[in-house]
1. Express the Stokes-Einstein translational diffusion coefficient of the range 91-148 in µm² s⁻¹, to the nearest whole number, given a Kirkwood radius over alpha-carbon pairs, 4 °C and a viscosity of 1.567 mPa s.
2. Give, rounded to the nearest 20 debye, the magnitude of the charge dipole that the range 1-70 has about its Cα centre when Lys and Arg contribute +1 at Cβ and Asp and Glu contribute -1 at Cβ.
3. Distances over 26 Å make up what percent of all Cα-Cα pairs in the chain?
4. Angle, helix 41-53 long axis vs. longest principal axis of the chain, Cα atoms, 0 to 90°, nearest 10?
5. Given the rule -39500 (n - 2.57) for each run of at least 4 DSSP H residues, summed and divided by the residues of the chain, what is its mean residue ellipticity at 222 nm, to the nearest 500 deg cm²/dmol?
6. Along the range 83-90, what does the Karplus equation 6.51 cos²θ - 1.76 cosθ + 1.60 (θ = phi - 60°) give for ³J(HN,Hα), rounded to whole Hz, x for Gly and Pro?
7. Longest exposed-loop-site-free stretch of the chain, with GluC sites (Glu not before Pro), DSSP loop and at most 14 other Cβ within 10 Å?
8. Quick one: order I12, I52 by neighbouring beta-carbon count within 10 Å, fewest to most.
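Each value in this text was obtained by applying a stated rule to the coordinates, not by laboratory testing. Bear in mind that the values here come from a model prediction, so they are computed numbers and not experimental data. Heads up, the Cβs are rebuilt from the backbone with ideal geometry, glycines too, and the neighbour counts pull from every protein chain shown.
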Amino acid sequence: MSESTYDDVAGIVDLFGALTRDELEHALDELAFKQGHETDADALADVISDAIDAYYLVAYETPDEADELLTVGPMAFPTLPPRAEDLPHILDVSVRDVPRNQLVEQVESRLRTAAAEAVDSGDTDEISHLLDVTYDLEAWADADVADIRDRLDAALAEEGQA
């Protein structure tokens, strides 16, 4: 998937503040219909999962919701795809606010775990990607992840990739 696709998905989520995975799949399906395209439920689920994996969307775990809420992540530059402005009138979903401090803590924790796994496995592509995420996370939120960045930098240097 392209970054512009992920930014479009983030733009749809941004319309609502946060959506459940099912709500986002429904929104993407409705948008495709409005644009005259057929959809595949598995492909929609894959796009959402890939956007989460790439930090364009982030999952917020909340005790108040049965499902996690997806919101715009640190790698995203949300854009609104054509005809998406109609989605708030089509979907029966209220705008949600996600507590920013708790969201940032969860994203930082996820990044810390992902960085440790990437370093342990020696996956230089993932290490490089996560290194980019550290910079975007600090710009996106009031977070200091220099220790994670240092660990990723050191791992790349060990692999001769720095």
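1. On the way: Rh = 12.6 Å.
Approximately 103 µm²/s, per Stokes-Einstein.
2. Details: 2 positive and 20 negative charges, 45 e Å.
Roughly 220 debye, rounded to the nearest 20.
3. Numbers: 4058 of 13041 pairs.
Across the chain, Cα pairs with separations above 26 Å total 31 percent.
4. 40 degrees
5. Per the formula, -19500 deg cm²/dmol.
6. Once rounded to whole Hz, the list reads 6, 5, 4, 7, 4, x, 7, 8.
7. 66-158
8. Sorted ascending by nearby Cβ count, the order is I52, I12.
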